[in-house]
Amino acid sequence: MHKDPSYYIQGVLDNNRLMLARTITLVESILPSHQEIAKHVINELLPYTGKAVRLGITGVPGAGKSTFIESFGTTLTTLGHKVAVLAIDPSSTRSGGSILGDKTRMERLAVNDMAFIRPSPSGGSLGGVARKTRETMLVCEAAGFDVIIVETVGVGQSETTVASMVDFFLVLQIAGAGDELQGIKKGVLEVADAIVVNKADGDNINRAKLAKKQYETALHLVTPSSPNWAPPVMTCSALEEKGLMDVWTTVNSHKKIMTASGELEKKRQDQAMSWMWFLVNEGLERWFYQHAEIQKLLPNIKKRVEEGKMAPTRAADELVAILGKDLLL
């Protein structure tokens, strides 16, 4: 890794693909020396960010996310948009490495000069969301990409986590994937800005239309997150590239309404503050476990709690008090 931050900053601003990839690798690195450089790079790139449409996409297994993103992304590039796809890949439990699945599944988009695909290992954090996705989004925006698509692995907390970092959250469904009550139980509908029933083609068209009505009924039971936007339900065929322009029109309508009402600006401000506090909490936790005295006393305190010789409340107070001593010095 190069030690001069300007090496990465200028490379990104010049839209150099190789430098963009290297900068994202720097951002994703867990080495402290790399993290320090990355923080400086992100801060300097910040004035060049914020103009892109940030779109999150999730979906049930088999919904055809990769096919949808490839067809949708290709459609956007034909309209003149520069599209960056951040595909959150499941990580190896042994090495933590990315399996790079989405890049091999999106062959057409991967060779498109107007597109950039970055598979990132989830590292098992936040239900499958890559640790550095927020910073990677900013780097891609600074490089001139005006549509950023974040694809989740579609499990657990990843859906709500991605929804908390994008402008528009799209939930991809298919007919017969479960009744509407199951969808509400998962909480997906509560964060969705739109639901798209994919694979509305061939013999599946009628089933897709029925599923559309079911999700419309389900959405009536959920309080919209915005007073100015009611999430629509649409059908499309990513395979036949039908209905994709309707999806893009919906995304643009949402942006126009949210911008006019001031909600988009407020949403991004809240997201930035939420991310700051997440990093503060993460830093405090790291400080706690790296503290020499805590490392020395923790095994014995844990043993006493496990044996019932010390109350968890007292143990927590004693451990926190050790940090307090440092603050008083």
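Just one of (1) open to solvent by 50 Å² or more (accessible area, probe 1.4 Å); (2) touching a residue at least 60 places away in the same chain (Cβ under 8 Å); (3) out of contact with any Asp or Glu (no Cβ under 8 Å at 6 or more places or on another chain) fails for TRP275. It is (1).
Pairs meeting the criteria (first residue in the stretch 38-52 and surrounded by fewer than 16 Cβ atoms within 10 Å (Cβ to Cβ), second residue at pLDDT below 95, beta carbons under 6 Å, at least 6 apart or on different chains) are HIS40/PRO5. Filter the stretch 19-32 down to the residues that are assigned to a loop (DSSP other than H, G, I, E, B) and over 18 Å from the mean Cα position of the chain (by Cα), then identify the one that is modelled with the highest pLDDT. Ranking the qualifying residues of the stretch 19-32, first place goes to LEU31.
Identify all residues within the stretch 96-145 that are over 15 Å from the mean Cα position of the chain (by Cα), open to solvent by 50 Å² or more (accessible area, probe 1.4 Å) and at pLDDT 60 or above; write none if there are none. Residues satisfying the conditions are ARG105, GLU107, ARG108, VAL111, ASP113, MET114. Could you check the stretch 53-70 and list, in sequence order, the residues that are outside any strand (DSSP E or B) and in contact with a Gly (Cβ under 9 Å, 6 or more places away or on another chain)? Selection gives VAL60, PRO61, ALA63, LYS65, SER66, PHE68.
Looking only at the stretch 267-288, filter to residues that are closer than 27 Å to ALA316 by Cβ and small (Gly, Ala, Ser); which one of those is farthest from the chain's Cα centre (by Cα)? That would be GLY283. Test ILE37 against the stated conditions and say whether it is β-branched (Val, Ile, Thr) and at pLDDT 95 or above. So ILE37 passes the test. Among the residues of the stretch 304-329, those that are part of a helix (DSSP H, G or I) and of a type in the set (Gly, Ala, Ser) comprise ALA315, ALA316, ALA321, GLY324.
Please determine whether any residue of the stretch 77-95 is assigned to a helix (DSSP H, G or I) and either modelled with pLDDT under 95 or more than 19 Å from GLU135 (Cβ to Cβ) (or both).
Within the stretch 77-95 (the criterion being assigned to a helix (DSSP H, G or I) and either modelled with pLDDT under 95 or more than 19 Å from GLU135 (Cβ to Cβ) (or both)), the answer is yes, since at least one residue qualifies.
Criterion first (part of a helix (DSSP H, G or I), in contact with a Phe, Trp or Tyr (Cβ under 7 Å, 6 or more places away or on another chain) and without any contact (Cβ under 8 Å) to a residue 40 or more places away in the chain) does ILE257 satisfy it? Judged against the criteria, ILE257 is a match.
If only residues of the stretch 165-221 that are touching a helix residue (DSSP H, G or I) at 6+ places or on another chain (Cβ under 9 Å) and among the polar types (S, T, N, Q) are counted, the one that is modelled with the highest pLDDT is ASN198. Taking residues in the stretch 205-221 that are within 23 Å of GLU240 (Cα to Cα), and partners anywhere that are modelled with pLDDT under 90, the pairs with Cβ atoms closer than 6 Å and at least 6 places apart or on different chains are ARG207/ALA175; ALA208/ALA175; ALA211/ALA175.
When each of THR58, THR74 is tested for being of a type in the set (Ser, Thr, Tyr), in contact with a Lys or Arg (Cβ under 8 Å, 6 or more places away or on another chain) and crowded, with 22+ Cβ neighbours inside 10 Å, the lone residue that passes is THR58.
Only residues that are modelled with pLDDT of 80 or more and either assigned to a helix (DSSP H, G or I) or open to solvent by less than 10 Å² (accessible area, probe 1.4 Å) (or both) were counted across the stretch 146-159, and they come to 6.
Considering only residues that are under 22 Å from the mean Cα position of the chain (by Cα) and either surrounded by 15 or more Cβ atoms within 10 Å (Cβ to Cβ) or not in a helix (DSSP H, G or I) (or both), which ones fall in the stretch 7-18?
Within the stretch 7-18, VAL12 is the sole residue that qualifies.
The values are calculated or read from the model by the stated rules, or taken from the named source; none is laboratory data. What you are looking at is a predicted structure, and each value in this text was computed from that prediction instead of being measured. Every residue, glycine among them, receives a Cβ derived from its backbone with ideal geometry; neighbour counts consider all protein chains shown. What goes into the accessible areas is simple: the full protein's heavy atoms, side chains included, and nothing from ligands, DNA or RNA. Shrake-Rupley method; radii C 1.70, N 1.55, O 1.52, S 1.80 Å.
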